[in-house]
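Have a look at the structure below, then the notes.
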Amino acid sequence: MDDLIDTPSTIRYEQLALADHTLREAAHLLTARHQAWTGICKWLPGRLLSADPALGRTLLNGHQHVAELGDKAALAAAAEQVLDLIGDPLREGYIQR
């Protein structure tokens, strides 16, 4: 999420890749919190809306804003809401393997 926020809107390839990653990870966290099945590709929006209609829609709308307008703020705020539900963002010591 920090990379998404820090990426200039002029670097669209990175911005879009990071928006996709942010949506995917936030969706997995949110569906897991609701003990719901998650989905990939075309199934992700439906599963996300089924698990949490309000926050799911907020995430999807935020992702759409990045894709259409280059505006990262809504997606970052929605992802932050998901992280607030499960704790806080892990800023130190995170390693993805």
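Since every read-out is calculated from the coordinates, none of them should be taken as a lab result. Everything quoted here is computed from the prediction, not taken from an experiment. We place every Cβ from the backbone using ideal geometry, glycine too, and count neighbours over all the protein chains shown.
Could you run through the range 1-31 and say how many residues are more than 14 Å from the chain's Cα centre (by Cα) and in a helix (DSSP H, G or I)?
Number satisfying all stated conditions: 4.
Taking the range 3-29 on its own, how many of its residues are closer than 18 Å to His65 by Cβ, surrounded by 11 or more Cβ atoms within 10 Å (Cβ to Cβ) and touching a helix residue (DSSP H, G or I) at 6+ places or on another chain (Cβ under 9 Å)?
Taking the range 3-29 first, the residues closer than 18 Å to His65 by Cβ are 3-27.
Remaining after also requiring surrounded by 11 or more Cβ atoms within 10 Å (Cβ to Cβ): 3-5, 7, 9, 11-12, 14-27.
Of the ones still in play, those that are also touching a helix residue (DSSP H, G or I) at 6+ places or on another chain (Cβ under 9 Å) are 3-5, 7, 9, 14-16, 18-27.
Qualifying residue count for the region: 18.
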